[in-house]
């Protein structure tokens, strides 16, 4: 079965630190930040793939490249068979495929135009990509508000008059307005209270089934991953460290970073401290990294000579489970 | 009336009520908040946004927004009432005996001064250390909070450091004069889970080695459970439950605490097992706020709950003293 | 839209709220309305023809017949001050409208697109700012001629860098804001993103700019006229009147310069105080 989304060899580089004219005379060049470095990703129909990693690992950048808000430096993004990486982001806004991939943003306050009412925020994608006459538009917006359990009276309010949970729901209603096939969610619940988080996660779960969507769910909260995701991809400094089903990743983590990550999650039991794997040392710089050295070397509790001379690639550990580490054992 | 603790408490907040004057009315942000922290004890104040937990911390530190007025109460610390202290006395206390770390670490540091200079400032103010002596102590502090290569980092600016490192610097700043009490206001929100664990472990370790009391303010019950011995649960400006962490998890007595537990993800729980809390916080500007502010959201609400004033009830527990602000608290959990 | 009529009704309520809530804003609004009414209706209602000279009644102090006295040609100062309102207000509004539209659009484009647009706009701005602004205005009017149109143009040019700078900063801050990304993902091309998403958000700050510049524009026009580079006599204009009156202060005929000067002061005062009120009116965050 062909996957809905098939990303191969995706890279995104940024130039940083433009040297001044004097430094340039000395031969100094700008650095290249490898935000995303050779990532492969696959999401099937109706599947939820969690993308986890610490801040700075490139997951937000990857999400935005997949959602075609940014262009990749290299690589292909096949969506429903078509390579959408070839279409520049600036033109993608007006492309018919735009409606098939949508996004829910992290900060509901930031992602709603402060001068637009909730109604207008939800109506915008419809007006832009599938215009309807005014009366039908109003009906459709009301239908969407209903779908996300947003009281109709709130539609005429401005974002600053809505609570965090209500704003989050406006963002979701807007994202699903045109029935996308893939929804990219960038930390949709990290700015919300725990009770509101439950409401939003249940809503997302319900909508996924009702509207038949796949999710790319970016988060740093492993508990949320456990609740809503089918598969998990762990990123570290721009590269994929491990990929597998939720069960495989949580029960048999193979990459040392995944293990450290899981050990840091609070157990939730009072007074019970988990066996913590502390990572000491500073992370390597993502600017002009040595392509032969494993990104995790230096912080990793293990390490061999091979880790400094050969970049580990994703190797299968079990069917559907792969890890990029020389020292990981196949199951 | 506070919970009796074995030793005289280091910090005793009694009947604290705070009101904010806004354009749209008076917000009764805190009402009769009482809790105590013993020497070397670690407690958590847990609540959702709007519960008043940050306001409580600000009131203790004396850094309330100018629109906020303390309507009543007493904050006993080291033998004096912080609410009656003069600004000079408070300024002397802050940093030396009483310290606070904040939620957005990069935002809480001065962006145009080096990290070393900022620590030296605190040392100069409270311990009269200057020049090389201050610099040496600052470097010690950076090493204490496990920042690698402290000598070089002394001259770094906050924008050159990661979020986790900025938080460590803030901890170094807070601890540089060996305070007796540290208030940590959501210190790890926004940090990823490995950094969060490292920061919390660091705070715990430093607290234990220096006999320092810690008040952790958070919305995360799981985090509170792991690091704190006692949890104070707040809702809409009230302390609704004050109990040992183990007791709260084994058997919460306040319906809100129970609902909060039911909404918190934990290993082994599926999405269907979680339940959100119905309704929302009451509008704290209302003149007719009921005695129990959880009334409209509680399915156990009955006649005794509609009293205009509710007083906390002591419910001793095997694990330690506990209090609940409820007219019909949940039954005591039977030991398995 | 959720009921256009509702929208207008809500807006009117908000307007009333803003005006009544702060007495300073209320006062400024009242004064503004008075100024506009004077500009519109004044010329029809004045007791004397502002251009009509009367050799018999020169230099008369304020009296029941001539409320503000008469000037050296026997013209009624009151009528001239009132009639001048229209000209001065027109110059002020026209120049501010011109610079507001051009400056905001240019600034937002520079801040949003960056690159060569930003560089070109930056250099043009820098060039204008290199001159002492009033001197530049004088230069433009002197080169192009003493017409109302050129005064408007000169005032607009001189204020252009200010608007560009503010608009550019606002656009720059919002360039990667969440709602801008959301707009792109909702199918808005870059032009729409700039015009319908970013531009409306820069308006509240630009409104304060507008009110401050209105005051400056009037002063600029008056100043140019004062030194003879503005409107030509006998057209009544506050600046010219102050210039004329200045010759007579020493000999004791204070009213010729004072009343147009007071009018100038009131107008600038009103516009400055209006600034906050205008911003409150435009910014939805103030609406509850």
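Throughout, read-outs are computed from the coordinates displayed, never taken from laboratory work. In this text the structure is predicted, and so the values were computed from the model without any measurement. Here the Cβ positions follow ideal geometry from the backbone for every residue, glycine too, while neighbour counts run over all protein chains shown.
Quick notes on this one:
- DSSP beta bridge pairing in chain B, given as percent antiparallel to the nearest 5: 60
- Between region B:156-214 and region B:37-54, the Cα center-to-center distance that results, in Å: 16
- Cα gyration tensor shape of region A:235-288, rounded if a/c is under 1.5, else prolate or oblate by comparing a/b with b/c: oblate
- Between the helical axis of B:163-175 and the longest alpha-carbon principal axis of chain B there is an angle of about 90 degrees.
- Residue with peak Gaussian network fluctuation, chain A [Cα springs, cutoff 10 Å], from A:28, A:284, A:252: A:28
- Fewest-first ranking of A:143, C:181, B:97, using other Cβ atoms within 10 Å as the exposure measure: A:143, B:97, C:181
- Inter-chain Cβ neighbour count for B:245-251, averaged per residue, equals 2 (cutoff 10 Å, partner chain atoms only).
- A helix-only calculation puts the protein assembly as shown at -13500 deg cm²/dmol for mean residue ellipticity at 222 nm, using -39500 (n - 2.57) for each DSSP H run of at least four residues, averaged over all residues.
- When peptides B:168-177, B:138-147, B:293-302 are ranked by their average number of other Cβ atoms within 10 Å per residue, the highest-first order is B:168-177, B:138-147, B:293-302.
- Choice from C:189, C:27, C:275 with maximal GNM fluctuation in chain C (Cα, 10 Å cutoff): C:189
- For the peptides B:193-202, B:269-278, the ranking by mean Cβ contacts within 10 Å, running from highest to lowest, is B:193-202, B:269-278.
- Nearest-ten-degree value, helix A:194-211 long axis tilted from longest Cα axis of chain A: 80
- Exercise: per-residue mean of other protein chain Cβ atoms within 10 Å, A:112-123: 5
- Relative contact order of region B:239-336, pairs being alpha-carbon contacts under 8 Å that are 6 or more residues apart, as %: 37
- Peptide C:174-180 shows a mean partner chain C-beta count of 5 within 10 Å per residue C-beta.
- Degrees between helix C:115-130 axis and first principal axis of chain C (Cα, 0 to 90, nearest 10): 20
- Most fluctuating residue given options B:187, B:282, B:111, as computed from a GNM of chain B linking Cα atoms under 10 Å: B:111
- Packing rank of A:109-119, B:319-329, B:60-70, where each peptide gets the mean count of other beta carbons within 10 Å, highest leading: A:109-119, B:319-329, B:60-70
- Based on Cα contacts under 8 Å between residues 6+ apart, chain B shows a relative contact order of 20 percent.
- Here the relative contact order of region A:47-109, from alpha carbon pairs under 8 Å that lie six or more residues apart, stands at 22 percent.
- When only alpha carbons are used to place a centre, region A:159-235 and region C:23-87 end up 66 Å from one another.
- For the protein assembly as shown, DSSP calls about 60 percent of its internal beta bridges antiparallel.
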